[in-house]
Amino acid sequence: MDIINQPLQMQQRALAEKRAGRTISFVPTMGYLHAGHLSLLEEGRRRGDVLVLSIFVNPTQFGQGEDFEDYPRDLERDQALAAQAGVDIIFAPGAREMYPSGYATYVDVEGITETLCGASRPGHFRGVTTVVTKLFTIVQPDVAIFGEKDFQQLAVIRRMTADLNLPVKIVGMPIYREVDGLAMSSRNVYLTPDQRRQALVLSQSLHEARTMVASGHNDAAMIIRQVQIRISAQPDARVDYVRICHCLTLEDQSVVDENSVLLLAVFVGQTRLIDNAVLVAAQ
Ligand code: PAF
(Lines give C-alpha, C1' and ligand atoms only; values in the text may rest on other atoms or scores of the structure.)
Protein backbone atom coordinates (compact mmCIF):
# COMPACT_ATOMS: atom_id res chain seq x y z
CA MET A 1 0.00 0.00 0.00
CA ASP A 2 1.39 3.40 -1.00
CA ILE A 3 0.82 6.62 0.87
CA ILE A 4 0.81 9.74 -1.26
CA ASN A 5 0.61 13.26 0.15
CA GLN A 6 1.10 15.43 -2.95
CA PRO A 7 -1.86 16.05 -5.29
CA LEU A 8 0.33 16.13 -8.41
CA GLN A 9 2.01 12.83 -7.51
CA MET A 10 -1.41 11.25 -6.86
CA GLN A 11 -2.78 12.53 -10.17
CA GLN A 12 0.25 11.27 -12.14
CA ARG A 13 -0.07 7.86 -10.50
CA ALA A 14 -3.81 7.76 -11.28
CA LEU A 15 -3.23 8.69 -14.92
CA ALA A 16 -0.53 6.02 -15.20
CA GLU A 17 -2.88 3.37 -13.75
CA LYS A 18 -5.52 4.34 -16.32
CA ARG A 19 -3.03 4.29 -19.19
CA ALA A 20 -2.16 0.75 -18.08
CA GLY A 21 -5.86 -0.13 -18.47
CA ARG A 22 -6.68 -0.38 -14.77
CA THR A 23 -9.88 1.05 -13.30
CA ILE A 24 -9.83 3.13 -10.13
CA SER A 25 -12.36 2.93 -7.32
CA PHE A 26 -12.28 5.65 -4.73
CA VAL A 27 -13.50 6.08 -1.15
CA PRO A 28 -13.15 9.69 0.05
CA THR A 29 -13.10 10.10 3.84
CA MET A 30 -11.98 12.40 6.61
CA GLY A 31 -10.27 9.46 8.32
CA TYR A 32 -10.75 8.00 11.79
CA LEU A 33 -12.07 4.95 10.03
CA HIS A 34 -14.87 2.81 11.45
CA ALA A 35 -16.76 -0.25 10.25
CA GLY A 36 -18.97 1.93 8.04
CA HIS A 37 -15.91 3.14 6.11
CA LEU A 38 -14.67 -0.45 5.89
CA SER A 39 -17.92 -1.47 4.20
CA LEU A 40 -17.32 1.28 1.60
CA LEU A 41 -13.78 0.02 1.07
CA GLU A 42 -15.04 -3.54 0.66
CA GLU A 43 -17.42 -2.35 -2.05
CA GLY A 44 -14.61 -0.33 -3.63
CA ARG A 45 -12.35 -3.38 -3.66
CA ARG A 46 -15.02 -5.25 -5.63
CA ARG A 47 -15.60 -2.46 -8.12
CA GLY A 48 -12.16 -1.47 -9.36
CA ASP A 49 -8.63 -2.71 -10.02
CA VAL A 50 -6.96 -0.01 -7.93
CA LEU A 51 -8.56 1.06 -4.64
CA VAL A 52 -7.77 4.58 -3.47
CA LEU A 53 -8.73 5.90 -0.03
CA SER A 54 -8.41 9.60 0.69
CA ILE A 55 -8.00 10.89 4.21
CA PHE A 56 -8.38 14.63 4.47
CA VAL A 57 -10.14 16.63 7.16
CA ASN A 58 -11.36 19.32 4.82
CA PRO A 59 -11.32 22.76 6.51
CA THR A 60 -13.66 24.40 3.98
CA GLN A 61 -16.65 22.25 4.99
CA PHE A 62 -16.50 23.24 8.66
CA GLY A 63 -18.19 26.43 9.82
CA GLN A 64 -16.96 28.79 12.51
CA GLY A 65 -17.32 27.24 15.95
CA GLU A 66 -17.61 23.72 14.49
CA ASP A 67 -15.29 20.85 15.33
CA PHE A 68 -12.55 21.17 12.67
CA GLU A 69 -9.75 21.39 15.26
CA ASP A 70 -11.18 18.64 17.45
CA TYR A 71 -12.22 16.27 14.63
CA PRO A 72 -10.73 12.88 15.60
CA ARG A 73 -7.57 11.96 13.71
CA ASP A 74 -5.44 8.79 13.89
CA LEU A 75 -3.51 8.26 10.68
CA GLU A 76 -1.49 5.34 12.02
CA ARG A 77 -4.58 3.36 12.96
CA ASP A 78 -6.26 4.31 9.66
CA GLN A 79 -3.24 3.01 7.74
CA ALA A 80 -3.43 -0.36 9.49
CA LEU A 81 -7.17 -0.66 8.81
CA ALA A 82 -6.73 0.42 5.18
CA ALA A 83 -4.01 -2.18 4.60
CA GLN A 84 -6.29 -4.90 6.01
CA ALA A 85 -9.11 -3.68 3.74
CA GLY A 86 -6.94 -4.10 0.65
CA VAL A 87 -6.42 -0.41 -0.12
CA ASP A 88 -3.73 0.15 -2.76
CA ILE A 89 -3.16 3.86 -2.25
CA ILE A 90 -3.93 6.24 0.61
CA PHE A 91 -4.05 9.83 -0.57
CA ALA A 92 -3.54 11.99 2.52
CA PRO A 93 -2.77 15.57 1.56
CA GLY A 94 -2.37 18.47 3.96
CA ALA A 95 -4.53 21.60 3.85
CA ARG A 96 -1.69 23.60 2.28
CA GLU A 97 -1.43 21.14 -0.60
CA MET A 98 -5.18 21.21 -1.26
CA TYR A 99 -5.67 24.94 -0.69
CA PRO A 100 -2.35 26.66 -1.44
CA SER A 101 -1.97 30.36 -0.88
CA GLY A 102 -4.05 32.29 -3.42
CA TYR A 103 -6.65 29.52 -3.72
CA ALA A 104 -9.85 31.08 -5.10
CA THR A 105 -12.05 28.49 -6.83
CA TYR A 106 -15.20 26.93 -5.35
CA VAL A 107 -17.96 24.66 -6.64
CA ASP A 108 -21.53 25.57 -5.70
CA VAL A 109 -24.58 23.36 -6.20
CA GLU A 110 -27.79 25.37 -5.91
CA GLY A 111 -31.19 24.29 -4.56
CA ILE A 112 -30.73 21.02 -2.72
CA THR A 113 -27.80 22.43 -0.75
CA GLU A 114 -29.97 25.16 0.76
CA THR A 115 -32.17 22.94 2.95
CA LEU A 116 -31.59 20.52 5.86
CA CYS A 117 -27.85 20.42 6.77
CA GLY A 118 -27.22 23.21 4.26
CA ALA A 119 -29.55 25.51 6.20
CA SER A 120 -28.07 24.53 9.58
CA ARG A 121 -24.46 24.66 8.38
CA PRO A 122 -24.12 27.51 5.87
CA GLY A 123 -21.20 26.97 3.48
CA HIS A 124 -20.84 23.30 4.43
CA PHE A 125 -21.85 21.87 1.06
CA ARG A 126 -19.78 24.41 -0.85
CA GLY A 127 -16.78 23.00 1.02
CA VAL A 128 -17.85 19.42 0.31
CA THR A 129 -18.52 19.93 -3.41
CA THR A 130 -15.29 21.86 -3.84
CA VAL A 131 -13.12 19.25 -2.18
CA VAL A 132 -14.90 16.31 -3.85
CA THR A 133 -14.43 17.93 -7.27
CA LYS A 134 -10.75 18.45 -6.50
CA LEU A 135 -10.40 14.87 -5.24
CA PHE A 136 -12.10 13.52 -8.37
CA THR A 137 -9.73 15.55 -10.55
CA ILE A 138 -6.70 14.33 -8.62
CA VAL A 139 -7.70 10.66 -8.13
CA GLN A 140 -9.45 10.21 -11.53
CA PRO A 141 -11.83 7.53 -10.23
CA ASP A 142 -14.12 5.43 -12.40
CA VAL A 143 -16.28 4.72 -9.34
CA ALA A 144 -16.62 6.68 -6.08
CA ILE A 145 -18.37 5.26 -3.02
CA PHE A 146 -20.21 7.28 -0.37
CA GLY A 147 -22.31 6.31 2.65
CA GLU A 148 -26.05 6.93 2.73
CA LYS A 149 -25.85 8.23 6.30
CA ASP A 150 -24.92 11.57 4.75
CA PHE A 151 -28.04 11.31 2.64
CA GLN A 152 -28.08 14.93 1.52
CA GLN A 153 -24.35 14.90 0.76
CA LEU A 154 -24.87 11.90 -1.52
CA ALA A 155 -27.77 13.65 -3.31
CA VAL A 156 -25.67 16.81 -3.74
CA ILE A 157 -22.72 14.83 -5.12
CA ARG A 158 -24.97 12.97 -7.54
CA ARG A 159 -26.42 16.32 -8.72
CA MET A 160 -22.96 17.85 -9.12
CA THR A 161 -21.57 14.83 -10.95
CA ALA A 162 -24.47 14.85 -13.41
CA ASP A 163 -24.45 18.64 -13.87
CA LEU A 164 -20.70 18.83 -14.51
CA ASN A 165 -20.60 15.65 -16.65
CA LEU A 166 -17.96 14.20 -14.38
CA PRO A 167 -16.92 10.77 -15.72
CA VAL A 168 -17.37 8.91 -12.44
CA LYS A 169 -20.07 6.53 -11.25
CA ILE A 170 -21.41 7.44 -7.82
CA VAL A 171 -22.35 4.50 -5.60
CA GLY A 172 -24.27 4.88 -2.32
CA MET A 173 -23.90 2.29 0.42
CA PRO A 174 -26.41 1.53 3.22
CA ILE A 175 -25.91 3.00 6.69
CA TYR A 176 -23.72 0.82 8.86
CA ARG A 177 -25.02 0.54 12.44
CA GLU A 178 -23.74 -0.60 15.81
CA VAL A 179 -25.61 -3.68 17.11
CA ASP A 180 -27.89 -1.44 19.18
CA GLY A 181 -28.81 0.64 16.12
CA LEU A 182 -26.60 3.74 16.47
CA ALA A 183 -25.40 4.81 13.02
CA MET A 184 -21.60 4.61 12.80
CA SER A 185 -19.92 7.98 12.76
CA SER A 186 -16.43 9.22 13.58
CA ARG A 187 -18.16 11.81 15.80
CA ASN A 188 -19.65 9.11 18.08
CA VAL A 189 -16.37 9.25 20.06
CA TYR A 190 -17.44 12.65 21.40
CA LEU A 191 -20.39 11.09 23.27
CA THR A 192 -20.20 10.30 26.99
CA PRO A 193 -21.61 6.86 27.91
CA ASP A 194 -24.88 8.50 28.98
CA GLN A 195 -25.11 10.57 25.79
CA ARG A 196 -24.29 7.45 23.77
CA ARG A 197 -27.35 5.80 25.37
CA GLN A 198 -29.51 8.85 24.65
CA ALA A 199 -28.28 8.94 21.03
CA LEU A 200 -30.15 5.69 20.40
CA VAL A 201 -33.25 7.86 20.18
CA LEU A 202 -32.35 8.65 16.55
CA SER A 203 -32.47 5.08 15.25
CA GLN A 204 -35.38 4.24 17.57
CA SER A 205 -37.37 7.18 16.19
CA LEU A 206 -36.71 6.06 12.63
CA HIS A 207 -37.87 2.58 13.55
CA GLU A 208 -41.02 3.93 15.22
CA ALA A 209 -41.82 6.10 12.18
CA ARG A 210 -41.44 3.13 9.84
CA THR A 211 -43.74 1.11 12.08
CA MET A 212 -46.33 3.89 11.99
CA VAL A 213 -46.17 3.97 8.20
CA ALA A 214 -46.41 0.18 8.01
CA SER A 215 -49.56 0.32 10.12
CA GLY A 216 -51.25 2.75 7.73
CA HIS A 217 -50.27 6.28 8.86
CA ASN A 218 -49.17 8.58 6.05
CA ASP A 219 -49.58 12.09 7.49
CA ALA A 220 -46.02 13.46 7.49
CA ALA A 221 -46.73 16.27 10.00
CA MET A 222 -48.14 13.79 12.51
CA ILE A 223 -45.17 11.43 12.17
CA ILE A 224 -42.72 14.35 12.50
CA ARG A 225 -44.49 15.54 15.66
CA GLN A 226 -44.23 12.06 17.22
CA VAL A 227 -40.53 11.89 16.43
CA GLN A 228 -39.90 15.38 17.85
CA ILE A 229 -41.69 14.44 21.08
CA ARG A 230 -39.71 11.25 21.40
CA ILE A 231 -36.36 12.99 20.84
CA SER A 232 -37.16 15.89 23.15
CA ALA A 233 -37.83 13.41 25.98
CA GLN A 234 -34.07 12.81 26.16
CA PRO A 235 -32.53 15.36 28.55
CA ASP A 236 -29.41 16.07 26.46
CA ALA A 237 -31.03 15.88 23.01
CA ARG A 238 -31.97 18.95 20.98
CA VAL A 239 -33.63 18.65 17.57
CA ASP A 240 -31.90 20.49 14.73
CA TYR A 241 -34.36 19.15 12.17
CA VAL A 242 -36.86 16.34 11.66
CA ARG A 243 -38.11 16.31 8.08
CA ILE A 244 -39.84 13.99 5.67
CA CYS A 245 -38.57 14.66 2.16
CA HIS A 246 -38.63 13.22 -1.33
CA CYS A 247 -35.52 11.06 -1.65
CA LEU A 248 -34.36 12.66 -4.92
CA THR A 249 -35.44 16.31 -4.73
CA LEU A 250 -35.24 16.63 -0.90
CA GLU A 251 -38.45 18.64 -1.05
CA ASP A 252 -40.74 18.34 1.98
CA GLN A 253 -43.65 15.94 1.61
CA SER A 254 -46.97 16.19 3.40
CA VAL A 255 -48.07 12.66 2.56
CA VAL A 256 -45.71 9.72 2.95
CA ASP A 257 -45.15 7.55 -0.12
CA GLU A 258 -42.54 5.12 -1.42
CA ASN A 259 -40.17 8.05 -2.15
CA SER A 260 -40.25 9.41 1.38
CA VAL A 261 -37.17 9.58 3.55
CA LEU A 262 -37.19 10.69 7.18
CA LEU A 263 -34.11 12.79 7.90
CA LEU A 264 -32.91 13.66 11.40
CA ALA A 265 -30.26 15.99 12.76
CA VAL A 266 -30.03 16.04 16.53
CA PHE A 267 -27.57 17.54 18.98
CA VAL A 268 -26.82 15.18 21.83
CA GLY A 269 -24.88 17.38 24.20
CA GLN A 270 -22.54 19.30 21.87
CA THR A 271 -22.40 16.51 19.28
CA ARG A 272 -24.50 16.89 16.16
CA LEU A 273 -25.66 13.49 14.85
CA ILE A 274 -27.55 12.72 11.65
CA ASP A 275 -29.48 9.65 10.60
CA ASN A 276 -32.17 8.75 8.08
CA ALA A 277 -34.40 6.00 6.77
CA VAL A 278 -36.76 5.49 3.86
CA LEU A 279 -40.23 5.16 5.36
CA VAL A 280 -41.88 2.58 3.14
CA ALA A 281 -40.25 -0.83 3.36
CA ALA A 282 -39.05 -2.17 -0.02
CA GLN A 283 -41.26 -4.98 -1.35
O1 PAF B 1 -18.29 12.38 4.09
C2 PAF B 1 -17.14 12.80 4.33
O3 PAF B 1 -16.35 12.19 5.05
C4 PAF B 1 -16.71 14.11 3.71
O5 PAF B 1 -17.74 15.02 3.64
C6 PAF B 1 -16.04 13.94 2.32
C7 PAF B 1 -17.00 13.38 1.30
C8 PAF B 1 -14.83 13.02 2.45
C9 PAF B 1 -15.55 15.30 1.82
O10 PAF B 1 -14.64 15.88 2.70
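The values are calculated or read from the model by the stated rules, or taken from the named source; none is laboratory data. It should be emphasised that the depicted structure is a prediction, and the values quoted were computed from it without experimental measurement. Cβ placement follows ideal geometry from the backbone for every residue including glycine, while neighbour counts extend to all protein chains displayed. Heads up: the accessible areas ignore ligands, DNA and RNA and are worked out on the full protein's heavy atoms, side chains in. Shrake-Rupley method; radii C 1.70, N 1.55, O 1.52, S 1.80 Å.
Set against the 2.2 N^0.38 Å expectation for a compact globular protein, segment 1-84 has a Cα radius of gyration ratio of 1.20. Working ranking of peptides 34-46, 140-152 by packing, defined as the average number of other Cβ atoms within 10 Å per residue, highest first, is 140-152, 34-46. Using a ≥ b ≥ c from the Cα gyration tensor of segment 98-161 (square roots of the eigenvalues), is it rounded, prolate or oblate, where a/c under 1.5 gives rounded and otherwise the larger of a/b and b/c decides, a/b for prolate? Oblate. Dipole of the chain computed with +1 at Lys/Arg Cβ and -1 at Asp/Glu Cβ about the Cα centre; of PHE56, VAL171, GLN84, farthest Cα towards the positive end is GLN84. Count Lys and Arg as plus one, Asp and Glu as minus one, and take only other residues whose Cβ is under 9 Å from that of LEU279; the net charge is then -1. Summarising the strand pairing of the chain, around 50 percent of its internal DSSP beta bridges are antiparallel. Against the empirical curve 2.2 N^0.38 Å, the C-alpha radius of gyration of the chain lands at a ratio of 1.02. Does segment 220-283 come out rounded, prolate or oblate by the C-alpha gyration tensor, with a ≥ b ≥ c the root eigenvalues, rounded set by a/c under 1.5 and, if not, prolate when a/b is larger than b/c and oblate if not? The shape class here is prolate. For the chain, the mean residue ellipticity at 222 nm estimated from helices alone is -11500 deg cm²/dmol, where every DSSP H run of n ≥ 4 contributes -39500 (n - 2.57) and the total is divided by all residues, rounded to the nearest 500.
In this structure segment 118-277 gives 44 Å² per residue of accessible area when probed at 1.4 Å with all protein chains present.
Give the residue list of GluC sites (Glu not before Pro) in segment 66-120 that are DSSP loop and have at most 15 other beta-carbon atoms within 10 angstrom. Mind showing how you got there, number by number?
Details: sites: GLU66, GLU69, GLU76, GLU97, GLU110, GLU114; in loops: GLU66, GLU69, GLU110, GLU114.
Qualifying residues, ordered by number: GLU66, GLU69, GLU110, GLU114.
Taking a ≥ b ≥ c as the square roots of the Cα gyration tensor eigenvalues, with a/c under 1.5 meaning rounded and otherwise prolate when a/b beats b/c, else oblate, which class fits segment 126-283? In terms of gyration-tensor shape, oblate. Taking all protein chains together and rolling a 1.4 Å probe, VAL213 ends up with roughly 20 Å² accessible.
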